[in-house]
Amino acid sequence: MSVAAAPASASVAAPARELDVVIVGAGFAGLGMAAALRERGLEDFVVLEAAAGLGGTWRDNVYPGAACDVQSVLYSFSFAQHPGWTREFAPQAEILAYMEEVAAARGLTPHLRYGRRVTSARFDEARGRWELETACGERYAARALVTATGGLSRPREPDIPGLAEFEGPRFHTARWETGADLSGRIGVIGTGASAIQVVPELAPSARALSLFQRTPPWIVPRADRARGAFSRGLWRWCPPLQRLARWLTYWRLESRVVAFALQPSLMRLVERVARQHLREQVPDPELRARLTPDYVIGCKRILLSDDYYPALQRENVELVTEAIERITPRGVRTADGRERELDALVLATGFHAADAMAPFPLLGRGGRSLDEAWRAGAAAYKGTTVSGFPNLFLLVGPNTGLGHSSMILMIESQVAYAAGAIRRLLARDLLLLDVRPDVQARYNERLQARLAGTVWASGCQSWYRSASGQNTTLWPGFTFEFRLRTRRFDAGSYEEVPRGARRAAEERTV
Ligand code: NAP
């Protein structure tokens, strides 16, 4: 039998598809960027998405109880306000449906390419193009690259010995196994924003639930409420009413910055609300003591819940505060030597957020990798551009996260800034736009100085800070300040190389 030779095309790399812009990721940031490009008349772009659908965080996090903890009237695009939210804090499925509607209504669907995991990107300085490869062997060459891969998209598995030995179903909240049997003895590790939503949902149908807490969170009332047909109809009939509600919510949340970032001593007032909530919901002083945090409220993300404390007081739920020693094939052993047998293990252990890591290998000028540039900690200019990585725009980049309001506000600011830069790049036929290193360094010095005086630096261990203790995730001020700073693309802070200049220089050397 003869062996057929592999088709020549298999060994020869496919030609790269040339485009103005490639956006990586189809969550809120990627969709927002795509909508902004279209609005500016730019159509020569694609959105490469690794998964089989859009949605990002809201496609990945399908655990029972997943919902937003920012009011939906604000947690939505300013250009696509949605009167139909059925609750004050919309559940995951509704947010995902909203994103799908926006993509369709804004004509983004033809630009979306699913199942395209970008594996590398390299800047070709001579051509002023980012060259990308995907896992399925496709190649793209784009004048501008926008990464919109999310700040909380890489689940963090805990480094607990024996984790891989557990014999039952074991999965992270962001990788939920919908078919898993969770009617037996369940263990949940972690007590962050994901855990406090999933525990009240799992507890009623589980035979027993053991919740392993390392650090108790501060929790304030959520006060979620259904929005009935009347309220929805009112916003539909009179859009200015919805805009007013959004405006009021915006300023109410924005006022929190005063305590978080300017006068952390004011956090004591918020702590009083949380203590009162705990007292009202947990009568048992011993349990209450174990649920009382020992750090300043706000240092870690403040959580919102009305059903978490009641769930912990169910007969079939146990709060375990002894440290976990190891995971065994049948359960979890704590430092007091006790082993709890479990049928399934849920890891609500958060994400790699503050790790200085490029979303995929990214090589900038001179072949320098972004991981190398970020060895001392992730840093960017206005959270969006990095010196040595021209024509690259990072959405939800370093220090653009919020502890007090809707991330979509920050995303829209970054999108406007990046769109301004891209328009300049194309309109002036520039080879590259590269933020000046001194500008970036000065920006970050000021940013870190401001962060030093905030509640996030008051001494707790949180995902806001990297292993070295630097806060590389949060924006230290009001969102309107960030909006003002990113309103216009400040070309003066950038090195600009026109295409002609490079050609002329080359001709001179020949
Ligand atoms: P998280 O806030 O980072 O919480 C992770 C939890 O796992 C913490 O309680 C942590 O304890 C614990 N943990 C981690 N490693 C552990 C280990 N080795 N042993 C024992 N415990 C361990 O993660 P998350 O709850 O997924 O939330 C992350 C962020 O996602 C939130 O802050 C929020 O921004 C976002 N989020 C939002 C919503 C929403 O809008 N409703 C919902 C979910 C998530 P320590 O505190 O001691 O580290």
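Hey, can you tell me all the residues within segment 1-32 that are touching a Gly at 6+ places or on another chain (Cβ under 9 Å) and modelled with pLDDT of 95 or more?
Of everything in segment 1-32, those that are touching a Gly at 6+ places or on another chain (Cβ under 9 Å) and modelled with pLDDT of 95 or more turn out to be I23, V24, G25, A26, G27, F28, A29, G30, L31.
If only one of Q71, Q81 is touching a residue at least 24 places away in the same chain (Cβ under 8 Å) and crowded, with 19+ Cβ neighbours inside 10 Å, which one is it? Steps first, please.
Working: Q81 fails: crowded, with 19+ Cβ neighbours inside 10 Å.
From the options Q71, Q81, the qualifying one is Q71.
Looking at segment 90-106, can you tell me whether even one residue there is under 22 Å from L253 (Cβ atoms), away from the ligand (no atom under 12 Å from the Cβ) and part of a loop (DSSP other than H, G, I, E, B)?
No, segment 90-106 contains no residue that is under 22 Å from L253 (Cβ atoms), away from the ligand (no atom under 12 Å from the Cβ) and part of a loop (DSSP other than H, G, I, E, B).
When only residues in segment 419-456 that are more than 20 Å from I23 (Cα to Cα), free of Cβ contacts under 8 Å to residues at least 24 places away in the same chain and aliphatic (A, V, I, L, M) count, which is farthest from the ligand (Cβ to nearest atom)?
Step one: list which residues in segment 419-456 are more than 20 Å from I23 (Cα to Cα), which gives 428, 436-456.
Add one more test, that the residue is free of Cβ contacts under 8 Å to residues at least 24 places away in the same chain, and what stays is 438, 441-442, 445-446, 448-449, 452.
So of that shortlist, the ones also aliphatic (A, V, I, L, M) come out as 441, 449, 452.
Numbers: A441: 28, A449: 24, A452: 21 Å.
Here the residue is A441.
Quick check, is F166 under 21 Å from the mean Cα position of the chain (by Cα), within 15 Å of the ligand (Cβ to nearest atom) and closer than 18 Å to V332 by Cα?
Working: under 21 Å from the mean Cα position of the chain (by Cα): no; within 15 Å of the ligand (Cβ to nearest atom): yes; closer than 18 Å to V332 by Cα: yes.
Here the answer is no, as F166 does not meet what is asked.
Specify which of the listed residues (L182, L248, L253, L209) is away from the ligand (no atom under 14 Å from the Cβ) and assigned to a helix (DSSP H, G or I). Give the steps one after another, and end with the answer.
On the way: L182 fails: assigned to a helix (DSSP H, G or I); L253 fails: away from the ligand (no atom under 14 Å from the Cβ); L209 fails: assigned to a helix (DSSP H, G or I).
Within the list L182, L248, L253, L209, the selection yields L248.
Could you look through segment 458-479, keep only residues that are away from the ligand (no atom under 14 Å from the Cβ) and β-branched (V, I, T), and pick out the one that is surrounded by the most Cβ atoms within 10 Å (Cβ to Cβ)?
T472
Would you pick out the residues in segment 317-327 that are crowded, with 17+ Cβ neighbours inside 10 Å and away from the ligand (no atom under 15 Å from the Cβ)?
The one that is crowded, with 17+ Cβ neighbours inside 10 Å and away from the ligand (no atom under 15 Å from the Cβ): V317.
Take L145 and tell me if it is under 22 Å from the mean Cα position of the chain (by Cα), buried (at least 17 other Cβ atoms within 10 Å of the Cβ), aliphatic (A, V, I, L, M) and assigned to a strand (DSSP E or B).
Numbers: under 22 Å from the mean Cα position of the chain (by Cα): yes; buried (at least 17 other Cβ atoms within 10 Å of the Cβ): yes; aliphatic (A, V, I, L, M): yes; assigned to a strand (DSSP E or B): yes.
Yes.
Being of a type outside the set (D, E) and within 30 Å of M410 (Cα to Cα) narrows it down to one residue among L211, L253; which is it? Walk me through how you get there before you give the answer.
Working: L211 fails: within 30 Å of M410 (Cα to Cα).
Going through L211, L253 in turn, the sole match is L253.
Taking segment 84-124 as the region of interest, how many residues are buried (at least 21 other Cβ atoms within 10 Å of the Cβ), of a type in the set (V, I, T) and touching an Asp or Glu at 6+ places or on another chain (Cβ under 8 Å)?
1
Those residues that are farther than 22 Å from A323 by Cβ, in a loop (DSSP other than H, G, I, E, B) and within 14 Å of the ligand (Cβ to nearest atom), I need them from segment 185-206; list them, please.
Those that are farther than 22 Å from A323 by Cβ, in a loop (DSSP other than H, G, I, E, B) and within 14 Å of the ligand (Cβ to nearest atom): none in segment 185-206.
Scan segment 176-193 and report the pairs whose first residue is in contact (Cβ under 8 Å) with a residue 40 or more places away in the chain and over 26 Å from T292 (Cα atoms) and whose second residue is within 16 Å of the ligand (Cβ to nearest atom) and aromatic (F, W, Y), with Cβ atoms within less than 9 Å and a gap of 6+ or a chain change.
Every condition considered, the pairs that remain are W176/Y63; A180/F171.
Quick one: which residue in T119, T109 is more than 16 Å from the ligand (Cβ to nearest atom), among the β-branched types (V, I, T) and touching a helix residue (DSSP H, G or I) at 6+ places or on another chain (Cβ under 6 Å)?
Values: T119 fails: touching a helix residue (DSSP H, G or I) at 6+ places or on another chain (Cβ under 6 Å).
Just one listed residue meets the conditions, T109.
Return only the number of the condition from (1) in contact (Cβ under 8 Å) with a residue 40 or more places away in the chain; (2) polar (S, T, N, Q); (3) surrounded by fewer than 22 Cβ atoms within 10 Å (Cβ to Cβ) that N391 does not satisfy.
Of the numbered conditions (1) in contact (Cβ under 8 Å) with a residue 40 or more places away in the chain; (2) polar (S, T, N, Q); (3) surrounded by fewer than 22 Cβ atoms within 10 Å (Cβ to Cβ), the odd one out for N391 is (3).
All but one of (1) crowded, with 23+ Cβ neighbours inside 10 Å; (2) out of contact with any helix residue (DSSP H, G or I) (no Cβ under 7 Å at 6 or more places or on another chain); (3) not in a loop (DSSP other than H, G, I, E, B) hold for V47; state the number of the condition that does not hold.
(2)
The values are calculated or read from the model by the stated rules, or taken from the named source; none is laboratory data. None of these values were measured; they are calculated from a predicted model. When we count neighbours, we look across all protein chains shown, and the Cβ atoms used for this are built from the backbone with ideal geometry, even at glycine.
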